Amino acid sequence: MKYLATLLLFSSFSCTLTKNNNKVNDVKLEALTDSVADIYASSILKKDLYKDLSVLASDEYEGRETARSGQKKAAKYIVERFKEIGLEPGAKNGSFLQTFAVDAKNAANVFITLNGQKWNLLKHFYYRGNIKDTSLLDKQLVFAGFGIEEEAYSDYSNLNVENKIVVVNEGVPSSINLEKNWVGWRKKVELAKEKGALGIITIKNNFTEEAQRIGVFIQNPNMQMHDPGKRKADLIPNIYISDSAAKTFLSKISESKISIEIDIQEELTSDNVLGYIEGNDLKDEVVVITAHYDHLGYDNGEVCNGADDDGSGTVSVIELAEAFQKAKNDGSGPRRSVLFMAVSGEEKGLWGSKYYTDNPVYSIEKTVVDLNIDMIGRRDDEHDYDNYIYLIGADRISMDLHVISEKINEKYINYDIDYTYNQRTDPNQFYYRSDHYNFAKNGIPVIFYFSGVHKDYHKPTDDVDKINFNKVQRTTKMVFYTAWEIANRDQRLRMNGTD
Ligand SMILES: [Zn+2]
């Protein structure tokens, strides 16, 4: 499950609770009146869950960070399991993988050499802005005052800066009245570029403090989901040095040569893993079961194994796939189709589920539910017993779903269902923090299955030996019966506010 950090905008969310709960009394379990489902529910085994999890949450999988080798390895493992089980490839072109582009930045890969002398990032220089990769070798330097040009004032008059690196003072000359926006860096950088300069170096007064502040961002490699509509970086290199560093070369600036090499952009990919079982007579409609298999990668050199988050949900999806495929092989396959999807990019910001719902393989209109499993293997501090589960979202889009889920729990599982986090006012806002949300925002009924946050959440200590497999198994069975009922009943789940 994703950090709360990027969640800001949901306070005005309106309450949509159920215009049609007058009808909920007529909702019955239709597909669970005999014991057929029980045969396949009983194939969900603790030892199988353990076996898969002890692989996926081992150090070899390097914390399964999106777009990195551990995630790729995990995708491969899940594909192999899906094949072994006998699922059909669920993505396009006969593939189990739905691959999406990721832009990564290795912000530390900026190298500067002055007169053969290497400068160190954050010690001798830092840079700002969204700069693009470039290689400027043995370029001349030229000093251009404050780097300002207006009608009544110019630092560029009689100065040829073309194909050179411009060196400027920070700020504005105190004696002249100038437009306010020269104080920021952007206008100066744009002007230097317009004049034909290849880069700009600003002599910074409080260099050390700024370098420290900026270092936090530069030393953290970051990733973004590739956005083809986004403007590409088009700034020239925008470098800052200390005034003491400037003194040593400004006197001989005309004989100096500088090289600036920037290699920070990385084009990566990540993958959702999709396995599919085609339904019998209602196959255009799809039940989706999701869990994210990506996690955080390393934390200061230690692997974050993410056994609970969300290894527990991932192995649950694999067991669910196996149970449904067994039923299918025995001639008891579901009426609706079922998509088993292990999602990536979740920890980065629900990327994989966003990519899927923006680029669905199966019609969104005919997607009848998303059952999302994220962290189901631990006990949180709010409970002193294990016999509980948090459900989030079940009533928000379809009261039918809520009632079915309640009835299934009563009949098969007997958890204390905790709806604390389903309250719209709950400060944790978990409803927006895992992959079901991308389905919910498309009007698809969802349930988020969750056993709560614990002290190992997002820590290198989220390990397999702390997982309660009894709980993973029971929750997997709860999802199984719910998916079975929804996949096999006559009518698809009714939306709130409709007939
Ligand atoms: Zn997480």
Open item on the list: Given the criteria at pLDDT below 95, out of contact with any Leu (no Cβ under 7 Å at 6 or more places or on another chain) and under 28 Å from residue 444 (Cα atoms), does residue 265 qualify?
Closed with: no
Could you say whether any residue in segment 80-91 is in contact with a Phe, Trp or Tyr (Cβ under 7 Å, 6 or more places away or on another chain) and part of a helix (DSSP H, G or I)?
-> yes
Requested in this report: Within segment 352-369, identify whether any single residue is part of a helix (DSSP H, G or I), within 16 Å of the ligand (Cβ to nearest atom), in the same structural domain as residue 297 (by TED's automatic domain parsing) and polar (S, T, N, Q), and answer yes or no.
Outcome: yes
Note: among 252, 328, just one is among the charged types (D, E, K, R), within 30 Å of residue 133 (Cα to Cα) and away from the ligand (no atom under 16 Å from the Cβ), namely 252
Going through (1) crowded, with 21+ Cβ neighbours inside 10 Å; (2) more than 12 Å from the ligand (Cβ to nearest atom); (3) under 19 Å from residue 466 (Cβ atoms) one by one, residue 274 fails only at (3)
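Filter segment 322-360 for residues that are aliphatic (A, V, I, L, M) and under 17 Å from residue 74 (Cα atoms); which is nearest to the chain's Cα centre (by Cα)?
Taking segment 322-360 first, the residues aliphatic (A, V, I, L, M) are 323, 327, 338-339, 341-343, 350.
From the residues that got through so far, the ones that are under 17 Å from residue 74 (Cα atoms) too are 341-343.
On the way: 341: 15, 342: 13, 343: 9 Å.
My answer is 343.
What number of residues within segment 428-440 are free of Cβ contacts under 8 Å to residues at least 40 places away in the same chain and assigned to a loop (DSSP other than H, G, I, E, B)?
In the first step, residues of segment 428-440 are kept if they are free of Cβ contacts under 8 Å to residues at least 40 places away in the same chain; the result is 431.
Checking which are assigned to a loop (DSSP other than H, G, I, E, B) leaves us with none.
Here the count works out to 0.
Inside segment 134-164, can you point out the residues that are part of a loop (DSSP other than H, G, I, E, B), of a type outside the set (Phe, Trp, Tyr) and surrounded by 14 or more Cβ atoms within 10 Å (Cβ to Cβ)?
Step one: list which residues in segment 134-164 are part of a loop (DSSP other than H, G, I, E, B), which gives 144-148, 150-153, 155-164.
Applying the additional criterion that residues be of a type outside the set (Phe, Trp, Tyr) yields 144-145, 147-148, 150-152, 155, 157-164.
Across segment 134-164, the qualifying residues are 144, 145, 147, 148, 155, 159, 161, 164.
Yes/no matrix, rows are residues, columns are (1) aliphatic (A, V, I, L, M); (2) within 17 Å of residue 313 (Cα to Cα); (3) not assigned by TED's automatic domain parsing to the domain that holds residue 29:
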site: 388; (1), (2), (3): no, yes, no
site: 399; (1), (2), (3): yes, no, no
site: 420; (1), (2), (3): no, no, no
site: 432; (1), (2), (3): no, no, no
site: 437; (1), (2), (3): no, yes, no
Of the conditions (1) small (Gly, Ala, Ser); (2) more than 16 Å from the ligand (Cβ to nearest atom); (3) within 26 Å of residue 293 (Cα to Cα), the single one that residue 451 does not satisfy is (2)
For segment 445-461, pairs from a residue that is farther than 30 Å from residue 493 by Cβ to a residue that is more than 12 Å from the ligand (Cβ to nearest atom) and among the hydrophobic types (A, V, I, L, M, F, W, C), with Cβ under 8 Å and 6 or more apart or across chains, are 460/303
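For residue 347, are the conditions met, namely being of a type in the set (D, E, K, R), at pLDDT 95 or above and either away from the ligand (no atom under 12 Å from the Cβ) or part of a loop (DSSP other than H, G, I, E, B) (or both)?
Working: of a type in the set (D, E, K, R): yes; at pLDDT 95 or above: yes; either away from the ligand (no atom under 12 Å from the Cβ) or part of a loop (DSSP other than H, G, I, E, B) (or both): no.
Judged against the criteria, residue 347 is not a match.
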Cβ pairs under 8 Å, 6+ apart or interchain, first in segment 293-309 and more than 23 Å from residue 472 (Cα to Cα) and in a strand (DSSP E or B), second more than 9 Å from the ligand (Cβ to nearest atom) and of a type in the set (D, E, K, R), ordered by first then second residue, are 298/62; 298/65; 299/459
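When you scan segment 281-290, do you find a residue that is within 30 Å of residue 465 (Cβ to Cβ), surrounded by fewer than 24 Cβ atoms within 10 Å (Cβ to Cβ) and more than 12 Å from the ligand (Cβ to nearest atom), even just one? So that I can check it myself, show each step before the final result.
Residues of segment 281-290 that are within 30 Å of residue 465 (Cβ to Cβ), as a first pass: 289-290.
Then drop every residue that is not surrounded by fewer than 24 Cβ atoms within 10 Å (Cβ to Cβ), which leaves none.
The answer is no, given that none of the residues of segment 281-290 is within 30 Å of residue 465 (Cβ to Cβ), surrounded by fewer than 24 Cβ atoms within 10 Å (Cβ to Cβ) and more than 12 Å from the ligand (Cβ to nearest atom).
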Conditions (1) in a loop (DSSP other than H, G, I, E, B); (2) within 16 Å of the ligand (Cβ to nearest atom) -> residue 316 fails only (1)
Contact list, first residue from segment 36-54 and part of a helix (DSSP H, G or I), second anywhere and among the basic types (Lys, Arg), beta-carbon distance below 7 Å, six or more apart or interchain, is 40/326; 41/477; 52/81
Residue hits (segment 442-488; farther than 21 Å from residue 305 by Cβ and surrounded by fewer than 18 Cβ atoms within 10 Å (Cβ to Cβ)) are 442, 443
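The values are calculated or read from the model by the stated rules, or taken from the named source; none is laboratory data. Remember, predicted model here, so these are calculated numbers, not experimental data. Neighbour counts run over all protein chains shown; Cβ positions are idealised from the backbone, glycine included.
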